[in-house]
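I have placed the structure first, in the form of C-alpha coordinates, so that the comments after it can refer back to it.
The values are calculated or read from the model by the stated rules, or taken from the named source; none is laboratory data. The structure displayed is predicted, hence computed values, not measured ones. Here the Cβ is made from the backbone with ideal geometry for all residues, glycine too, and neighbour counts use every protein chain on show. Heads up: the accessible areas ignore ligands, DNA and RNA and are worked out on the full protein's heavy atoms, side chains in. Shrake-Rupley method; radii C 1.70, N 1.55, O 1.52, S 1.80 Å.
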Amino acid sequence: MERLTPRVRVVWLLLAVFRAGIVGGFLVGAALVLSETGLWTNPPDLLVPGAIGLAVVLGLVRVVVAWRRYAVWRFEVQDDGLYIERGVFTRIKTVVPYVRVQHVDSRRSPIERTTGLATVVVYTAGSRSADVAIPGLTPERAERLREDLRRLAIESEGEDAV
(Lines give C-alpha, C1' and ligand atoms only; values in the text may rest on other atoms or scores of the structure.)
Protein backbone atom coordinates (compact mmCIF):
# COMPACT_ATOMS: atom_id res chain seq x y z
CA MET A 1 0.00 0.00 0.00
CA GLU A 2 1.22 3.49 -0.86
CA ARG A 3 1.46 6.21 1.78
CA LEU A 4 0.72 9.88 1.38
CA THR A 5 3.46 12.50 1.08
CA PRO A 6 4.75 13.37 4.58
CA ARG A 7 4.13 17.10 3.96
CA VAL A 8 0.39 16.47 4.33
CA ARG A 9 1.03 15.84 8.03
CA VAL A 10 2.17 19.47 8.41
CA VAL A 11 -1.00 20.72 6.69
CA TRP A 12 -3.22 18.52 8.87
CA LEU A 13 -1.38 19.63 12.03
CA LEU A 14 -1.72 23.32 11.14
CA LEU A 15 -5.43 22.87 10.37
CA ALA A 16 -5.90 21.03 13.67
CA VAL A 17 -4.24 23.86 15.61
CA PHE A 18 -6.28 26.48 13.73
CA ARG A 19 -9.58 24.68 14.33
CA ALA A 20 -8.71 24.01 17.97
CA GLY A 21 -7.94 27.72 18.37
CA ILE A 22 -11.38 28.62 17.04
CA VAL A 23 -13.17 26.15 19.32
CA GLY A 24 -10.97 27.14 22.25
CA GLY A 25 -11.65 30.82 21.61
CA PHE A 26 -15.39 30.19 21.73
CA LEU A 27 -15.09 28.16 24.94
CA VAL A 28 -12.93 30.71 26.74
CA GLY A 29 -14.95 33.62 25.34
CA ALA A 30 -18.21 32.08 26.55
CA ALA A 31 -16.71 31.46 29.97
CA LEU A 32 -15.51 35.07 30.17
CA VAL A 33 -18.89 36.43 29.09
CA LEU A 34 -20.67 34.30 31.68
CA SER A 35 -18.31 35.20 34.49
CA GLU A 36 -17.61 38.87 33.77
CA THR A 37 -20.94 40.28 32.54
CA GLY A 38 -23.17 39.14 35.34
CA LEU A 39 -25.22 36.82 33.14
CA TRP A 40 -24.44 34.08 35.62
CA THR A 41 -24.66 35.24 39.21
CA ASN A 42 -21.92 33.65 41.31
CA PRO A 43 -20.15 31.64 38.58
CA PRO A 44 -17.64 29.05 39.84
CA ASP A 45 -14.14 30.41 40.37
CA LEU A 46 -12.75 27.73 38.09
CA LEU A 47 -15.04 28.51 35.13
CA VAL A 48 -12.49 30.44 33.06
CA PRO A 49 -9.46 28.30 34.04
CA GLY A 50 -11.55 25.20 33.37
CA ALA A 51 -12.51 26.51 29.92
CA ILE A 52 -8.86 27.23 29.18
CA GLY A 53 -7.89 23.73 30.34
CA LEU A 54 -10.63 22.14 28.23
CA ALA A 55 -9.53 24.16 25.19
CA VAL A 56 -5.92 23.01 25.64
CA VAL A 57 -6.96 19.35 26.01
CA LEU A 58 -9.19 19.55 22.93
CA GLY A 59 -6.32 21.14 21.00
CA LEU A 60 -3.94 18.38 22.03
CA VAL A 61 -6.46 15.71 21.03
CA ARG A 62 -6.90 17.33 17.61
CA VAL A 63 -3.12 17.43 17.10
CA VAL A 64 -2.72 13.76 18.09
CA VAL A 65 -5.57 12.75 15.76
CA ALA A 66 -4.01 14.71 12.89
CA TRP A 67 -0.66 13.02 13.56
CA ARG A 68 -2.23 9.54 13.65
CA ARG A 69 -4.35 10.25 10.57
CA TYR A 70 -1.21 10.32 8.45
CA ALA A 71 0.04 7.05 9.96
CA VAL A 72 -3.07 5.11 8.95
CA TRP A 73 -3.85 6.65 5.52
CA ARG A 74 -2.92 4.31 2.65
CA PHE A 75 -4.06 3.54 -0.88
CA GLU A 76 -3.26 1.04 -3.59
CA VAL A 77 -4.08 0.73 -7.27
CA GLN A 78 -4.74 -2.95 -7.98
CA ASP A 79 -5.95 -4.79 -11.07
CA ASP A 80 -9.61 -4.77 -10.01
CA GLY A 81 -9.97 -1.49 -8.16
CA LEU A 82 -8.64 1.30 -5.99
CA TYR A 83 -8.13 0.28 -2.34
CA ILE A 84 -8.08 2.93 0.40
CA GLU A 85 -7.50 2.51 4.15
CA ARG A 86 -8.00 5.41 6.56
CA GLY A 87 -9.49 6.40 9.90
CA VAL A 88 -8.06 7.05 13.32
CA PHE A 89 -10.90 5.93 15.59
CA THR A 90 -12.94 4.01 13.03
CA ARG A 91 -10.85 2.24 10.42
CA ILE A 92 -12.43 2.51 6.99
CA LYS A 93 -11.46 0.28 4.10
CA THR A 94 -12.87 1.36 0.76
CA VAL A 95 -12.72 -0.51 -2.53
CA VAL A 96 -13.63 1.39 -5.68
CA PRO A 97 -14.07 -0.99 -8.63
CA TYR A 98 -12.88 0.70 -11.81
CA VAL A 99 -16.13 -0.13 -13.56
CA ARG A 100 -17.91 2.19 -11.08
CA VAL A 101 -15.62 5.17 -11.78
CA GLN A 102 -17.45 8.02 -13.54
CA HIS A 103 -14.58 10.50 -13.74
CA VAL A 104 -11.38 11.47 -11.94
CA ASP A 105 -10.20 14.97 -11.02
CA SER A 106 -7.03 16.34 -9.52
CA ARG A 107 -7.30 19.54 -7.51
CA ARG A 108 -5.00 21.89 -5.61
CA SER A 109 -6.42 24.23 -3.00
CA PRO A 110 -4.46 27.36 -2.01
CA ILE A 111 -3.00 25.52 0.99
CA GLU A 112 -2.07 22.56 -1.21
CA ARG A 113 -0.39 24.83 -3.77
CA THR A 114 1.58 26.54 -1.00
CA THR A 115 2.81 23.22 0.38
CA GLY A 116 3.33 21.52 -2.99
CA LEU A 117 0.49 19.02 -2.57
CA ALA A 118 -2.52 17.88 -4.57
CA THR A 119 -5.66 15.75 -4.13
CA VAL A 120 -7.16 13.22 -6.52
CA VAL A 121 -10.96 12.89 -6.41
CA VAL A 122 -12.60 9.77 -7.84
CA TYR A 123 -16.32 10.14 -8.61
CA THR A 124 -18.22 6.88 -8.69
CA ALA A 125 -21.65 5.65 -9.69
CA GLY A 126 -23.87 5.27 -6.65
CA SER A 127 -25.66 7.41 -4.14
CA ARG A 128 -23.87 6.90 -0.83
CA SER A 129 -20.35 8.34 -0.65
CA ALA A 130 -20.28 8.64 -4.41
CA ASP A 131 -16.78 10.11 -4.39
CA VAL A 132 -13.50 9.41 -2.65
CA ALA A 133 -10.53 11.73 -2.29
CA ILE A 134 -6.86 10.88 -1.93
CA PRO A 135 -5.15 13.91 -0.37
CA GLY A 136 -1.50 14.58 0.28
CA LEU A 137 0.02 13.67 -3.07
CA THR A 138 2.71 15.49 -4.96
CA PRO A 139 1.26 17.20 -8.06
CA GLU A 140 3.22 14.81 -10.29
CA ARG A 141 1.93 11.74 -8.42
CA ALA A 142 -1.62 13.13 -8.49
CA GLU A 143 -1.49 13.55 -12.28
CA ARG A 144 -0.04 10.05 -12.79
CA LEU A 145 -2.68 8.56 -10.48
CA ARG A 146 -5.46 10.47 -12.24
CA GLU A 147 -4.31 9.21 -15.62
CA ASP A 148 -3.86 5.62 -14.35
CA LEU A 149 -7.36 5.60 -12.85
CA ARG A 150 -8.85 7.12 -16.01
CA ARG A 151 -7.16 4.47 -18.16
CA LEU A 152 -8.22 1.61 -15.87
CA ALA A 153 -11.81 2.92 -15.81
CA ILE A 154 -11.90 2.99 -19.61
CA GLU A 155 -10.43 -0.52 -19.82
CA SER A 156 -13.06 -1.85 -17.40
CA GLU A 157 -16.06 -0.53 -19.34
CA GLY A 158 -18.55 -3.29 -19.98
CA GLU A 159 -17.43 -5.38 -17.00
CA ASP A 160 -19.71 -6.22 -14.09
CA ALA A 161 -19.12 -4.13 -10.94
CA VAL A 162 -19.63 -7.08 -8.57
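Using a probe of 1.4 angstrom and keeping all protein chains present, the accessible surface of region 72-130 works out to 59 square angstrom per residue.
Sequence gap at least 6, Cα distance under 8 Å: using those rules, report the relative contact order of region 2-71 to the nearest whole percent. Reported as a whole number, the value is 48 percent. Overall, the accessible surface of region 90-160 at a probe of 1.4 angstrom is composed of carbon and sulfur to the extent of 48 percent. Extension gain for residue 52 to residue 151 (0.36 nm times residue separation, less C-alpha to C-alpha distance): 30.4 nm. Taking the Cα atoms of the chain, the ratio Rg/Rh between the radius of gyration and the Kirkwood radius comes to 1.17. Taking loop as defined by DSSP and a crowding limit of 12 other beta carbons within 10 Å, which chymotrypsin sites (Phe, Trp or Tyr not before Pro) in region 74-111 fit? Sparse-neighbourhood loop chymotrypsin sites (Phe, Trp or Tyr not before Pro): 89. Over all projection directions, the Cα-based convex hull of region 90-160 averages an area of 5.5 nm². What's the angle, to the nearest 10 degrees (0 to 90), between helix 47-72's Cα axis and the longest principal axis of the chain? Tilt relative to the chain: about 20 degrees.
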